[in-house]
Structure formats: C-alpha cells, structure tokens
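Engineer: Below is a structure I'd like to ask you about.
The values are calculated or read from the model by the stated rules, or taken from the named source; none is laboratory data. Everything numeric in this text was worked out from a predicted model, so none of it was measured. Note that each Cβ is placed from the backbone with ideal geometry, even for glycine, and that neighbours are counted across all protein chains shown.
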Amino acid sequence: MEEIGYRSTVFSLDGIIGSQREYIEWLVSKCTTESTQIGDILEAEAIDLLAMRLRTPLQIEQHLTLAFEAAYQLGEKPVTTAIVESVLSKQIDDLEPTLTRYGYDARGLAEQFDAKPAEIKLLFRGQLEPARARELQEQMLAAGLPI
C-alpha cells in the first residue's frame, strides 16, 4: 500500500465552496460581451441570494438559466431578487436533496443503517415517529453524513 501511496496524487474536491459569487460573476462574464456590465443583467442582491443558497456549479448554472428564462418571459431586466426567489427550490437544503448531492439514496441508506426504504422515505418527509427518526439521525451523524 505504501508503494501505491507514493504514486498517488491527492486532489481537493472542495470545488467552489466559498467562491460561489465569484463563479457566478465569472460565468456571466464569459457569456456576455466585454462591454456588458453584470449589473445590467443581474441585481447584486440576486447574485448574493444565488451564491448563498446554491453550492455546486451545476446548481448555479441551472438556476441562472431558470432565472434568465423567467425574467425574459416577464420582460424584466435586470434579473431581480424576486425572480431568483421564484425559481429557487424551497427544498434545496432539505435532508433528501442534501444526502442525494453526496451520493446517498433511500435504498443505500436503508442498507447502511438497517432500516426499511419506507422508513427512510418517511424520515425524508418528516413523517417518521420521533424516536425512530432521532435514532436514525444519530446513526447518520455517527457515520459522518452531512445532515
């Protein structure tokens, strides 16, 4: 194993965490002409909201597209905070989407924590009995899941 370790390269996969605003500004600048100011396209508060609520480049690109399409249909320019709020998913930071971003699905969680898939789905919906929900959440925290 030491030999393999010596021939390995470690890459940080932290991505754009903490740099979402800069990523949004860079992305918009690459999609516009040099003379276009970002303030002409997106309000600063809208950029802040996107940067605060979204974590991955894919999420940012998807929600920017949705916001631009909604603004176009409404005939508004620049994209406002209200438009961004209307396209942002209300459940983006819930338990299920968070675990899905990290590669966990109901079946995998059920196998790992000795539960039924139906129990995991009830946990995601907040309908599992409190004692069992607390037990599963403690097991997930002990395993290092980001809940």
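Engineer: Which residues, taken from segment 115-140, are modelled with pLDDT of 90 or more and loosely packed, with under 14 Cβ neighbours inside 10 Å?
Structural biologist: Lys116, Ala118, Gln127, Glu129, Pro130, Ala131, Arg132, Arg134, Glu138
Engineer: Say whether the condition of being over 23 Å from Ile16 (Cα atoms), among the β-branched types (Val, Ile, Thr) and assigned by TED's automatic domain parsing to the domain that holds Ile38 is met by at least one residue in segment 54-63. Spell out how you get there, then give the answer.
Structural biologist: Our first condition is that a residue be over 23 Å from Ile16 (Cα atoms); within segment 54-63, this holds for none.
Scanning segment 54-63, I find no residue that is over 23 Å from Ile16 (Cα atoms), among the β-branched types (Val, Ile, Thr) and assigned by TED's automatic domain parsing to the domain that holds Ile38, so the answer is no.
Engineer: Before we move on, is Leu54 within 13 Å of the chain's Cα centre (by Cα) and buried (at least 17 other Cβ atoms within 10 Å of the Cβ)? Outline the logic, then answer.
Structural biologist: Values: within 13 Å of the chain's Cα centre (by Cα): yes; buried (at least 17 other Cβ atoms within 10 Å of the Cβ): yes.
Spelling it out, Leu54 is indeed within 13 Å of the chain's Cα centre (by Cα) and buried (at least 17 other Cβ atoms within 10 Å of the Cβ).
Engineer: Something else about it: Any residue at all in segment 90-105 that's touching a helix residue (DSSP H, G or I) at 6+ places or on another chain (Cβ under 9 Å) and at pLDDT 90 or above?
Structural biologist: no
Engineer: Go through (1) crowded, with 17+ Cβ neighbours inside 10 Å; (2) touching a Lys or Arg at 6+ places or on another chain (Cβ under 8 Å); (3) under 30 Å from Ile38 (Cα atoms) and name the single condition Ile60 misses.
Structural biologist: (2)
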